[in-house]
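Below you'll find the structure, written out as structure tokens, and then a few comments.
Just so you know, all these numbers are worked out from the coordinates, no wet-lab data involved. Predicted model, so just to flag it, every value in this text is computed and none were measured. Cβ sites come from the backbone with ideal geometry, for glycine too, and all protein chains shown count toward neighbours.
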Amino acid sequence: MEGMAGQKSSLTWAVNIAAFLLVLLWTIPTLGLFVSSFRDRDQIAQSGWWQSFSASEQTGFVRSGTAADQVQDGPLYVIEGQATPEGQRLIAWGTSPRNPAQYRPGETADLGDGATLSVAEDGSYRMTSPQPFEMTRGDRIFVTTSAPPSFTTQNYRRVLTAEGLGRAFMNTMTVTIPATVIPILIAAFAAYALAWMQFPGRALLTAAVVGLLVVPLQVALIPLLRLHNEIGLGKGYLGIWLAHTGFGLPLAIYLLRNYMVGLPREVIESARVDGATEFQIFRRIILPLSFPALASFAIFQFLWVWNDLLVATVFLGNTREQLVMTGLLRELMGSRGGEWEILATSAFISIAVPLLVFFAMQKYLVRGLLAGSVKGG
Amino acid sequence: MSGVQLNRVTKDFGPVRVIHGVDLAVEQGEFCVFVGPSGCGKSTLLRMIAGLEETTGGQILIEGQDVTDAEPADRGVAMVFQTYALYPHMTVAQNMGFGLKMNGHPKAEIAAKVAEAARILKLEPLLDRKPAALSGGQRQRVAIGRAIVRGPKVFLFDEPLSNLDAELRVEMRAEIARLHRELGATMIYVTHDQVEAMTMADKIVVLRAGRIEQVGAPMDLYDDPDNRFVAGFIGSPAMNFVKARVQGGQVVSPAFAATLPAASPALTEGRTVEIGLRPDALRLSGDGPFQVELAENLGGTTFAHLRAPSGEKLIVQTGQRLDPAGGGSLGLSFDPADAFFFDAETGQRLR
């Protein structure tokens with residue numbers, strides 16, 4: 001008995017730990033992206049996001065002032081200035097690239113011919129010489145500094161205030177909401193017919209819809225655009241709604257039909273005996289009971305349309321009136337795509353709405369709506 | 001006028017005929033039970049009356065009206081399903097009012113009828129609950145209430161109690177019987193449980209393989225079965241059958257030492273027959289050739305499982321308690337008037 005109970009609990013632990021590790025593994029990239037979105041470009045280039053929570057040490061050099069900057073102070077000629085960037089603490093400094101951390105802050109280095117250089121703890125340097133300086137190019141002062149962890153909301157400010165973002169957001173909404181609602185409306189009707197109405201060729205039709213799932217949308221883009229142009233639809237919202245509807249329908253019909261087929265036959269027969277017409281059965285029984293399936297497909301379709309760039313690029317114009325968020329963010333990132341901090345920030349800004357949709361819908365995903373209708377249900 | 005009339009009704013599923021020309025008249029206000037082993041077509045027949053299955057051939061009349069091709073909703077029937085088939089997203093009141101709502105009745109009338117049905121079934125405290133928050137018995141009561149609200153000409157019950165536990169089943173059985181008395185409506189009830197059939201029915205229809213074997217009042221079927229199937233199906237424990245042969249004006253069975261007089265003219269010389277004896281028609285008597293294999297003591301009665309010298313098994317109902325493990329051998333006696341005779345091949349009763 002003891003062995004059995006013990007085994008079970010240790011197994012549970014193993015499962016929990018494994019699940020925790022998996023979740024951790026799964027969320028780390030997102031966390032990384034999130035942290036990166038609060039760092040500036042230099043920080044991203046110099047160190048990984050995981051180092052951003054501790055002070056970072058870096059070595060670089062600055063050039064001292066030139067002869068033009070010198071002032072005479074009694075018998076000495078002096079050049080003064082700041083060797084470290086603002087907000088960084090000096091750890092060590094040096095005068096030669098071979099030994100860039102030769103001196104501690106506050107020490108004085110002999111530069112020969114009576115000239116000296118000292119760098120104070122606050123990063124200010126003082127170069128003195130009994131003779132006037134004659135160099136036209138400043139001497140190099142190597143500094144090793146440590147910067148405290150620092151985060152910035154500058155990226156967010158930049159993306160959020162980018163010109164046309166509000167407009168692009170509205171454009172994306174204009175694309176996404178109808179492109180989610182229209183396929184659900186059509187697919188629900190189709191799925192009910194394919195699941196519960198008797199007509200010849202029903203099985204073939206279902207098979208054909210499932211078969212359409214394998215067609216990659218990329219092959220359809222250009223022919224579809226040509227069709228749109230030929231029938232006078234051109235590039236515009238109506239065109240992209242139709243395109244997204246078409247690309248989404250096979251999966252929608254397939255998902256909804258499979259769900260509806262699983263609804264208890266007796267409930268539908270009961271409604272039929274109760275005098276409900278085919279449409280009333282659909283509206284009052286099937287639709288409410290299919291809500292979990294409708295919600296999950298709505299989430300899929302919403303995410304996919306929201307994040308879409310390809311279809312929008314093809315079916316919408318590049319004008320300010322039609323540019324979607326993904327298109328705008330791509331422009332922000334620069335032509336070489338090197339601005340990672342913008343990439344990370346954009347990702348988090350564009351993720352916000354889908355997250356909202358997901359949390360609004362997820363209770364319908366989990367809840368079993370069929371409980372109580374039939375025995376054991 | 002009969003409540004439900006079936007004229008040579010047939011049903012084919014593709015090439016397979018499952019209902020073979022059924023003729024039946026259910027009187028108005030009658031409680032008719034379809035009974036039979038599973039797969040005998042009793043549920044199919046009920047669904048044909050409801051309009052949920054198309055009728056391949058023949059005619060179905062409800063209160064004199066031909067409804068063979070009518071929609072379920074236009075037949076004036078209400079059905080109670082084995083699985084309850086409640087609408088899970090509606091409250092009890094909405095469930096019961098759904099049918100009237102679909103037919104465009106005014107709200108006040110729906111509310112009144114729902115309240116009336118809830119009163120009859122004592123569902124008033126549950127009206128605002130969803131089906132998920134109800135027990136099995138309550139769900140079935142809601143399903144019955146949904147049928148009542150519609151005020152149908154015919155109630156159809158498809159094994160409504162088989163998902164309930166034994167205690168609830170007894171309770172609901174009484175409830176449905178009471179309902180039938182109160183409403184006085186025609187009811188057709190499908191079950192495979194013969195206790196339900198015997199206790200509730202005005203008329204039992206015994207079906208086998210898509211054919212009606214016999215129609216009659218419960219006690220008529222018990223006392224006067226038409227054939228071996230009905231005799232074996234009605235009554236619990238089932239009737240005992242032993243092989244026999246008519247010889248010299250006597251029915252001789254290898255199982256019994258005694259012979260029986262061939263009382264019926266149908267018992268012609270040399271014919272092989274089966275003798276049917278109800279367990280309660282047999283009496284144990286002293287020592288004899290019948291070995292006791294097992295005894296089921298139920299307190300008031302005991303069912304003794306005996307094996308005859310011919311190898312045939314017999315069940316005897318007796319008041320005397322026996323060793324449950326069996327052992328020993330006993331004699332049997334019975335009144336020759338209690339014996340039924342059946343043709344060994346066709347199973348028809350030889351009267």
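Counting only Cα, what are the radius of gyration and maximum Cα-Cα distance Dmax of region A:292-357, in Å?
Reported Rg and Dmax, both Å: 13.5, 43.
For region B:2-229, report the % of Cα-Cα distances exceeding 26 Å.
36
For A:Phe279, B:Phe233, what's the fewest-to-most ordering of other Cβ within 10 Å of each Cβ?
In increasing order of surrounding Cβ atoms, one gets A:Phe279, B:Phe233.
For region A:56-147, how big is Rg over Rh, using alpha carbon atoms and the Kirkwood form of Rh?
With Rh from the inverse mean 1/r over Cα pairs, Rg/Rh is 0.96.
Expressed in nm to one decimal, what extension gain is obtained for the pair A:Ile17 and A:Leu309 from 0.36 nm per residue of sequence separation less their Cα-Cα distance?
Once the chain is fully extended between A:Ile17 and A:Leu309, it gains 101.3 nm.
Cα convex hull of region B:147-218: how many Å³ per residue?
104
Dipole of region A:56-147, Cα-centred, from +1 at each Lys and Arg C-beta and -1 at each Asp and Glu C-beta, to the nearest 20 debye?
Computed charge dipole of region A:56-147: roughly 280 debye.
What are the lysines whose alpha-carbon lies under 28 Å from the alpha-carbon of A:Lys363, with same-chain residues fewer than 8 places away excluded?
Candidates past the 8-residue exclusion: A:Lys375, B:Lys130.
Hey, got the average number of other protein chain Cβ atoms within 10 angstrom for residues in B:52-59?
For this peptide, the per-residue mean of nearby foreign Cβ atoms is 1.
Equivalent-ellipsoid semi-axes (√(5λ), Cα gyration tensor) for region B:272-330, whole Å, largest first?
Semi-axes (√(5λ), whole Å): 19, 14, 9.
Sort region B:204-316 into rounded, prolate or oblate with this rule: let a ≥ b ≥ c be the square roots of the eigenvalues of the Cα gyration tensor; rounded if a/c is under 1.5, and if a/c is not under 1.5, prolate when a/b is larger than b/c, oblate otherwise.
oblate
Using the Cα centre of chain B as origin and beta-carbon charges of +1 (Lys, Arg) and -1 (Asp, Glu), tell me which of B:Thr272, B:Gly286, B:Gln317 is placed farthest towards the positive end of the dipole.
B:Gln317
Between the helical axis of A:165-196 and the dominant principal axis of chain A, each derived from Cα atoms, what acute angle in degrees is found, rounded to the nearest 10?
On a 0 to 90 degree scale, this one is about 30.
Helix A:217-230 versus the longest principal axis of chain A: what angle, 0 to 90°, nearest 10, using Cα atoms?
Helix A:217-230 sits at roughly 80 degrees to that axis.
Enumerate the residues in region A:125-144 having an amide nitrogen under 15 Å from the point lying 7 Å beyond the Cα of A:Thr108 toward its Cβ.
A:125-131
To the nearest 10 degrees, how steeply does helix A:2-36 sit against the main Cα axis of chain A, on a 0 to 90 scale?
60
Can you tally the net charge around B:Leu322? Count Lys and Arg as +1, Asp and Glu as -1, for every other residue whose Cβ sits under 12 Å from the Cβ of B:Leu322.
Here the count lands on -2.
Across peptide A:69-78, how many C-beta atoms of other chains are within 10 Å of each residue C-beta, on average?
0
Grab the Cα-Cα distance for B:Ala217 and B:Asp193, subtract it from 0.36 nm times how many residues apart they are, and report the gain in nm with one decimal.
Taking B:Ala217 through B:Asp193 to full extension adds about 7.0 nm, to one decimal.
Using a simple charge model, +1 on the beta-carbon of Lys and Arg, -1 on the beta-carbon of Asp and Glu, nothing else, what dipole does the protein assembly as shown show about its Cα centre, in debye to the nearest 20?
780
Work out the FRET efficiency for B:Asp338 and B:Thr272 from their Cβ-Cβ distance, taking R0 = 22 Å, and round it to the nearest 0.05.
0.60
Give the lysines whose C-alpha is closer than 18 Å to that of B:Lys42, dropping any in the same chain fewer than 8 places away, or say none.
Partners within reach: B:Lys11, B:Lys203.
Report the residues of region A:44-73 in range of a label on A:Leu24: point 7 Å along Cα→C-beta, backbone N strictly under 17 Å from it.
Correct set: A:50-51.
What residue among A:Thr12, B:Val170, B:Phe342 has its Cα farthest toward the positive end of the dipole of the protein assembly as shown, where the charges are +1 on Lys, Arg and -1 on Asp, Glu, each on the Cβ?
B:Phe342
Residue by residue through B:70-79, how many Cβ atoms from other chains fall within 10 Å of the Cβ on average?
Counting Cβ atoms of other protein chains within 10 Å of each residue's Cβ and averaging gives 3.
Provide the three semi-axes, in whole Å and in decreasing order, of the ellipsoid equivalent to chain A as defined by the square roots of 5 times the Cα gyration tensor eigenvalues.
67, 29, 15
Please express the shape of region B:17-69 as an equivalent ellipsoid: the semi-axes are the square roots of 5 times the eigenvalues of the C-alpha gyration tensor, given largest first in whole angstrom.
Each semi-axis is the square root of five times an eigenvalue, giving 18, 15, 9 Å.
For chain B, give the magnitude of the charge dipole about the Cα centre (Cβ charges: +1 Lys/Arg, -1 Asp/Glu; no others), in debye to the nearest 20.
My answer is approximately 660 debye.
Enumerate the lysines that B:Lys243 could reach by cross-link, defined here as Cα to Cα under 30 Å, with residues fewer than 8 away along the same chain left out.
B:Lys313
Over its Cα atoms, what ratio of radius of gyration to 2.2 N^0.38 Å does region A:125-262 give?
Computed over Cα atoms of region A:125-262, the ratio equals 2.13.
Report, largest value first, the span of the C-alpha coordinates of region A:162-366 along each principal axis, in whole Å.
64, 41, 26
Rounded to the nearest 0.05, what FRET efficiency do A:Leu238 and A:Val181 give with R0 = 22 Å and r taken as the Cβ-Cβ distance? Could you check?
Working from the Cβ atoms, E equals 0.95.
Towards the positive end of the charge dipole of region A:136-219, with charges on Cβ (+1 Lys, Arg; -1 Asp, Glu), say which of A:Gln218, A:Thr136, A:Met170 has the farthest Cα.
Farthest towards the positive end: A:Thr136.
So what does log10 I(q)/I(0) come out to for the protein assembly as shown at q = 0.06, 0.10 Å⁻¹, using the Debye formula with one equal point on every Cα and no solvent?
Ignoring solvent entirely, the Cα scatterers give -0.66, -1.12.
When B:Thr55, A:Thr30 are ordered from fewest to most other Cβ atoms inside 10 Å of their Cβ, what list results?
Result, fewest neighbours first: A:Thr30, B:Thr55.
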